[in-house]
Ligand SMILES: C[S@@+](CC[C@H](N)C(=O)[O-])C[C@H]1O[C@@H](n2cnc3c(N)ncnc32)[C@H](O)[C@@H]1O
């Protein structure tokens, strides 16, 4: 098994090296006028074009930098962490460093994590058993860190940083280690800020990072997904029949607005929901008889295995005409590059295999339907800002100009009054028996208690992140309770201008 995994990794790495050569040689022959980057295609090209163009003819000369020793590597990692607007670091540590003071190294890492709580940090550690106590301590103390070990023998290291400004870009350091000594032999810095083609390549490196077999170090705080912990209770509080008027009014109006959107589509429809939770909306849409001929597929993605389990159990109990159109995939919205314009890339890790086999959704297109890509009930508000921005970007990437995007969020101005009614009502979901007054920030329109976080939005904020993702707003409806606006239902599309 392990040998097979190693072979796969080797093949993946060879592909990466080939892509580097291709990138350097031919400068990613693609349509530069395209709105965003295309999905990196894992399959090799059928016929390779000849090697002709010199390196510098395509890439900016300052965008690729050779790093020749440990000191240069360590300095570069440090500088990359200090660049402004860093939102995520994905690092593989597989080498033996000779000149490293390990106590000092972990002290710096601890300080960085504590001082930068909004930077998501993921680290895969390969064969560094003597560091386990440090790793364990980091994993259990920092919510912004996911730390994995891997038994795969890698001869490569990676330090991949994502920044949100001036435009979203990736900067990576790829290092080759000696097969015998495991010392780092040679590194190359690929700066997507200087040359956008390298951001495209950064996404390929990210795919490699995510495909490496790995295990989370026990006790990792981030693994304590607040949604999974409380999934069995969710539907008791959040439904069309909620005892809380705020939720009942919100959900019923949101459902009606979505139904109208489905009816107004000129072709049959696929509904793709980011953060679909227990399938509250998708299951409801599947059950509306009038919509049955119109809705071909209902696809939910969520990062919480617990919420997905509840959704799938409910689905599996319904009649086949509902059940066979519903799919729930395990994916982080911020990384959902499985959905791209008219393409779907299904992977086994997305975990709805039995349903895929039974209902036969083997297609990697949406069967010529128009899509409604949605994110509902303030799901964007429960994400930290970096995750939200990346998720919105992926929502728009999953759509073509014919499709519609529906986003519904709680209204910022309603926060002072309604947050103090909503969160005590769902205290079981928040995970706190008594919610202190400090949990509410009216100034920021934010609720924060334990692992639960939620931000409420005004229309300017929505407009800003829609436009930053290449979208434009088509319409805005207010959601109200007893005459007061409590939310916004925004319909947008990919900007064509
Ligand atoms: C407020 S609940 C809404 C659930 C459902 N849309 C509804 O309306 O009932 C938020 C959902 O978003 C999911 N979620 C939060 N962050 C996510 C992320 N980064 N990627 C995917 N799902 C996410 C949670 O697991 C949870 O199921």
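Points worth noting:
- Highest mean packing comes first when the peptides 398-407, 438-447 are listed by Cβ atoms within 10 Å, giving 398-407, 438-447.
- Shown for 161, 374: other C-beta atoms within 10 Å of each C-beta, ranked fewest to most, produce the order 161, 374.
- All Cα-Cα separations within the range 279-320 were binned at 5 Å from zero, giving a P(r) of 5, 21, 32, 24, 12, 5, 1, each value a whole percent of the pairs.
- Label zone at residue 385 (point 7 Å along Cα-to-Cβ), backbone N below 19 Å, the range 155-176: 162-170
- For the chain, the longest principal axis of the Cα atoms and the long axis of helix 385-397 meet at an angle of about 80 degrees.
- Three-way shape label, the range 259-403, alpha-carbon gyration tensor, a/c 1.5: rounded
- The tail of the calculated P(r) for the range 214-297 beyond 17 Å holds 59 percent of all Cα-Cα pairs.
- For the range 377-448, the spread of Cα positions along the three principal axes, ordered from largest to smallest, is 46, 23, 20 Å.
- 0 to 90° range, to nearest 10: angle between helix 459-468 axis and the chain longest Cα axis: 40 degrees
- At q = 0.18 Å⁻¹, base-10 log of I(q)/I(0) for the range 62-187 (Debye sum, equal scatterers on each alpha carbon): -1.04
- A convex hull fitted to the Cα coordinates of the chain yields 163 cubic angstrom per residue.
- Neighbour-count ranking [beta-carbon atoms within 10 angstrom, fewest first] of 307, 383: 383, 307
- Peptide packing: for 191-198, 133-140, the average count of neighbouring Cβ atoms within 10 Å per residue gives the ranking 191-198, 133-140, highest mean first.
- Rg over Rh [alpha-carbon atoms, Kirkwood Rh] for the range 340-430: 1.08
- Kirkwood's formula applied to the C-alpha pairs of the range 365-497 gives a hydrodynamic radius of 15.7 angstrom.
- Label point distance in nm, residue 485-residue 75, each placed 7 Å from Cα along Cα→Cβ: 5.4 nm
- Value at 222 nm in deg cm²/dmol, rounded to 500, when DSSP H runs of n ≥ 4 in the chain each add -39,500 (n - 2.57): -11000 deg cm²/dmol
- Backbone N within the range 395-428 under 19 Å of label point (7 Å from residue 259 Cα along the Cβ vector): 406-408
- Stretchable slack from residue 85 to residue 495, in nm (0.36 nm times residue separation minus alpha-carbon distance): 145.0 nm
- Of 425, 121, the sequence from fewest to most neighbouring Cβ atoms within 10 angstrom is 425, 121.
Laboratory data are not the source of any read-out in this text; all were calculated from the coordinates shown. Everything quoted here is computed from the prediction, not taken from an experiment. Here Cβ is always computed from backbone atoms with ideal geometry, including for glycine, and neighbour counts include all displayed protein chains.
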